[in-house]
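Reviewing the structure listed below.
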Amino acid sequence: MRVPILKLGRVLLTSLPADLTDQQVMDLQIDALALLRDDRADGLVIDITAVDVVDSYMARVLSETAKMVGIMGGVAVLAGMRPAVALTLVEMGQNLIQMETAFDLEGGVAKVQRAMATRGGHRDEPPEV
Amino acid sequence: MTTPIGSERPDEAPLETLMFRIIAEIDVAEARRAARHIAGRHGFKTVQAYGFATAVSEIATNLVLHADRGGVIHLTAALVNGIPTIGFTAEDDGPGIPDLALAMQDGYSTLGGLGCGLPGTRRLVDTFAVTTRPGEGTRIACSLTRI
């Protein structure tokens, strides 16, 4: 099952379920990048409030997604990491998560909007039909 | 060099053992979930339970990616000297790890990963043992004692 992506203004929002596979994250990566490419949004917030295990593979796919979004000109933020997950990631090794992070969804959205504002605003909205 | 767990030690009282055949990613998700639950059932708190589940996830994903035909994971819970201890073993008949010392170093990866799988997992558990034979397979055994 694909993880749904919601759209709030120019920001894509997605919340990862507890038991997800790396494949689901890769599908999410493809879906999000397609939406960015089609000029539907400027950034992506990935909420991991429900996720209790982030291993090195998951960390890698998430970081790569952020890198791709960044190369395309957008911003990706990881939001809502549980304290125990953060602790586990720090124990496992440094620099496992190489992307912007925020305490919660709200902070994540603000971070995307701030980043896009500093970069000179978002792309033009498609004309109203 | 393998640290025996389960009922192999005389001062141990086994509580439960669960077996998982790991072939695809969906099997990893199942083992990960079970790891969290076995930790919870035996009174492990969140941080230890998450760490244990992450270790299982890491090693199980290795089975999917590195062992040609996957492998088997056993989750165990036992009383060691009266203290609840959870552990897992991962066994496969894959290619083995050619240079174990290198694989245990941070930053080393053959598949372009982050290279922190084995050393990272080692830091999440109390005991960690690997035996590997090129062309024959690998066995990893880990255990975690309840704080």
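Every number in this text was worked out from the coordinates using simple rules, so none of it is lab data. The structure presented is a predicted model; accordingly, all values stated were derived computationally and were not measured. Counting neighbours? That spans all protein chains shown, and the Cβs are built from the backbone with ideal geometry, glycine included.
Listed values, structure above:
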| read-out | value |
| --- | --- |
| Cα-based reach from A:Lys111 at 30 Å (exclusive), listing lysines while leaving out same-chain residues under 8 positions away | A:Lys7, A:Lys67 |
| Dipole moment magnitude, nearest 20 debye, the protein assembly as shown about Cα centre, only Lys, Arg, Asp, Glu C-beta charged | 440 debye |
| Dimensions (Å) - the protein assembly as shown, Cα atoms, principal axes, largest first | 75, 39, 31 |
| B:Ser109 long-range amide H proximity, modeled H, under 5 Å | none |
| Cα-based helix-to-principal-axis angle, A:105-118 vs chain A, degrees rounded to 10 | 50 degrees |
| Per-residue average of Cβ from other chains inside 10 Å of A:48-61 | 6 |
| Cβ-based charge dipole, segment A:6-118, positive-most Cα from A:Leu35, A:Gly73, A:Ile97 | A:Gly73 |
| Residue exposure sequence - A:Met1, A:Met81 - by fewest surrounding Cβ within 10 Å | A:Met1, A:Met81 |
| Vicinal HN-Hα couplings computed from phi for segment A:13-18 (Karplus, 6.51 cos²θ - 1.76 cosθ + 1.60; Hz; Gly/Pro x) | 10, 8, 10, 7, x, 4 |
| Selection from A:Gln113, A:Val51, A:Gln23 lying farthest towards where the dipole of the protein assembly as shown points positive, charges on Cβ | A:Gln113 |
| Alpha-carbon centroids, segment B:117-147 and segment A:6-61: separation in whole Å | 31 Å |
| Chain B - percent relative contact order, Cα under 8 Å, separation 6 or more | 28 percent |
| Sorted by Cβ neighbour density within 10 Å, fewest at the top, the residues A:Leu33, B:Leu102, B:Leu118 | B:Leu102, A:Leu33, B:Leu118 |
| Neighbour-count order for A:Leu12, B:Leu18, B:Leu144, fewest beta carbons within 10 angstrom listed first | B:Leu18, B:Leu144, A:Leu12 |
| Protection-proxy order for peptides A:15-24, A:107-116, each taking the mean of Cβ atoms within 10 Å per residue, highest first | A:107-116, A:15-24 |
| Percent of beta bridges antiparallel (DSSP, the protein assembly as shown, rounded to nearest 5) | 75 percent |
| Peptide B:46-55 - average C-beta neighbours from other chains (10 Å radius) | 6 |
| Cα long-axis angle, helix A:22-37 against chain A (0 to 90 degrees, to the nearest 10) | 20 degrees |
| Rg over Rh [alpha-carbon atoms, Kirkwood Rh] for segment A:1-83 | 0.93 |
| Using alpha-carbon coordinates, inclination of helix B:25-41 to the longest axis of chain B, degrees | 20 degrees |
| Chain B: most fluctuating residue of B:Thr17, B:Thr121, B:Thr85 per GNM, C-alpha cutoff 10 Å | B:Thr17 |
| Overall dimensions of chain B as given by Cα atoms, namely Rg and Dmax in Å | 14.4, 43 |
